[in-house]
Amino acid sequence: MIYLNPFEKIELKKNSFTKKELIVYNILQKNPDLILRGSLSSLSEEYNVSQPTITRFCQKIGYTGFNDFKYDVFRYEKQGSHDVKNNSTTIDEYCNLLHILDESIHTKQLNKFAKDIIKAKTIYICGYHKSSLPAKMLQYNLFKIHKASIFISIDEAHDLDQILTPDDMLILITNNGNLLKRFHFKDLKSKNNFNLSIITMNDKISIKKYCNNYIWLPSSSNQNLKHYLENQIVFFIYIDILTSTLTKLI
């Protein structure tokens with residue numbers, strides 16, 4: 001029996017997709033990372049495609065549902081099936097990514113970010129899905145150095161309008177920033193005049209020009225690396241570097 005990887009299964013069934021299923025196909029073709037980074041509900045919400053449509057798409061290509069499809073994609077990516085002749089290991093790829101991270105961190109930008117954190121009265125930190133763990137790590141680190149900080153979920157961000165003051169800071173940690181489209185941060189920033197800072201792996205988020213600090217980090221996706229790597233690790237390392245900078249400036 002010939003094994004077809006999940007992407008080959010998609011192409012095999014492409015001609016049978018309905019118009020709605022083709023929307024899902026086009027989304028995943030342009031952003032294959034979304035399969036591993038997101039959930040059924042987050043994909044539905046971000047791209048305005050119903051959950052039943054995504055489920056039917058997955059069933060049509062031979063899976064019981066999105067989670068079954070996601071598992072097979074994860075297994076395929078971890079097997080390093082892109083190029084069997086490529087001798088680079090996962091560790092080599094992480095080393096490469098960390099080297100890029102080192103080159104992308106600018107001391108002046110890092111120091112400004114740290115000084116803004118020190119200056120802020122209260123710091124609200126928001127992350128979603130996998131980026132919630134780095135957000136909680138930052139909140140914990142700030143707590144350890146006696147900085148008032150609060151982690152909030154993306155769903156709680158609706159209440160920020162009634163909370164933020166000009167003395168406060170909002171740090172958003174997001175991989176691609178798609179979910180930020182749901183919130184009118186431009187209007188919120190204009191009204192409350194707080195410090196808006198973003199740590200992301202997407203250099204084209206629309207609210208970039210309204211940020212006091214915009215930290216772009218490399219990922220396996222935006223660097224077109226061969227292997228699937230966990231973006232959380234890059235977030236964690238940057239937060240550790242930021243924390244070290246904070247302790248030197250306090």
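How much FRET efficiency would the formula 1/(1 + (r/R0)^6) give for His129 and Ile91, where r is the Cβ-Cβ distance and R0 is 22 Å, rounded to 0.05?
Details: r = 26 Å, r/R0 = 1.16.
For R0 = 22 Å, the calculated efficiency reads 0.30.
Rolling a 1.4 angstrom probe over the protein heavy atoms, how many square angstrom per residue are accessible across the stretch 20-141?
With all protein chains present, the stretch 20-141 gives 54 Å² per residue.
What's the ranking of 56-66, 100-110 by average number of surrounding C-beta atoms within 10 Å, highest first?
56-66, 100-110
Which chymotrypsin sites (Phe, Trp or Tyr not before Pro) does the stretch 141-238 hold that lie in a coil by DSSP with at most 13 other beta carbons within 10 Å? Mind dumping the intermediate values first?
Details: sites: Phe143, Phe151, Phe183, Phe185, Phe194, Tyr210, Tyr214, Trp216, Tyr228, Phe235, Phe236, Tyr238; in loops: Phe183, Phe194, Tyr228.
In loop regions of the stretch 141-238 (DSSP not H, G, I, E or B), there are no sparsely surrounded chymotrypsin sites (Phe, Trp or Tyr not before Pro).
Once fully extended, how much extra length lies between Ala148 and Asp203, figured as 0.36 nm per residue of separation less the alpha-carbon to alpha-carbon distance? Before the final figure, lay out the partial values.
Numbers: separation 55, 0.36 × 55 = 19.80 nm, distance 2.87 nm.
Roughly 16.9 nm would be gained on extension.
If you line up the long axis of helix 51-60 against the longest principal axis of the chain, both from Cα atoms, how many degrees apart are they, to the nearest 10?
Compared with the principal axis, the helix lies near 40 degrees.
Using the beta-carbon distance between His106 and Leu4 and R0 = 45 Å, what value does 1/(1 + (r/R0)^6) give for FRET efficiency, to the nearest 0.05?
Details: r = 45 Å, r/R0 = 1.00.
Computed FRET efficiency for His106 and Leu4: 0.50.
Computing the accessible area with a 1.4 Å probe over protein heavy atoms, can you report the carbon and sulfur percentage for the stretch 17-157?
Carbon and sulfur: 54 percent of the exposed surface of the stretch 17-157.
Looking at [x] -0.44, -1.05, -1.37, -1.54; [y] -0.52, -1.17, -1.44, -1.56; [z] -0.56, -1.09, -1.28, -1.37, which value of log10 I(q)/I(0) by the Debye sum over Cα atoms at q = 0.10, 0.15, 0.17, 0.18 Å⁻¹ comes from a calculation on the structure shown?
[z]
With angles folded into 0 to 90 degrees, how steeply does helix 107-119 sit against the dominant principal axis of the chain? Use alpha carbons for both and round to 10.
60 degrees
Taking 30 Å as R0, compute the FRET efficiency from the Cβ-Cβ separation of Asp155 and Thr18 and round it to 0.05.
0.45
I'd like the trypsin sites (Lys or Arg not before Pro) in the stretch 141-207 restricted to DSSP loop residues with at most 13 other Cβ atoms within 10 Å, sorted by number.
Lys204
Given a 1.4 Å probe, how much area per residue of the stretch 148-217 is accessible, in Å²?
47 Å²
The values are calculated or read from the model by the stated rules, or taken from the named source; none is laboratory data. It should be emphasised that the depicted structure is a prediction, and the values quoted were computed from it without experimental measurement. Note that each Cβ is placed from the backbone with ideal geometry, even for glycine, and that neighbours are counted across all protein chains shown. The accessibility values were calculated without ligands, DNA or RNA, using every heavy atom of the protein model including side chains. Shrake-Rupley method; radii C 1.70, N 1.55, O 1.52, S 1.80 Å.
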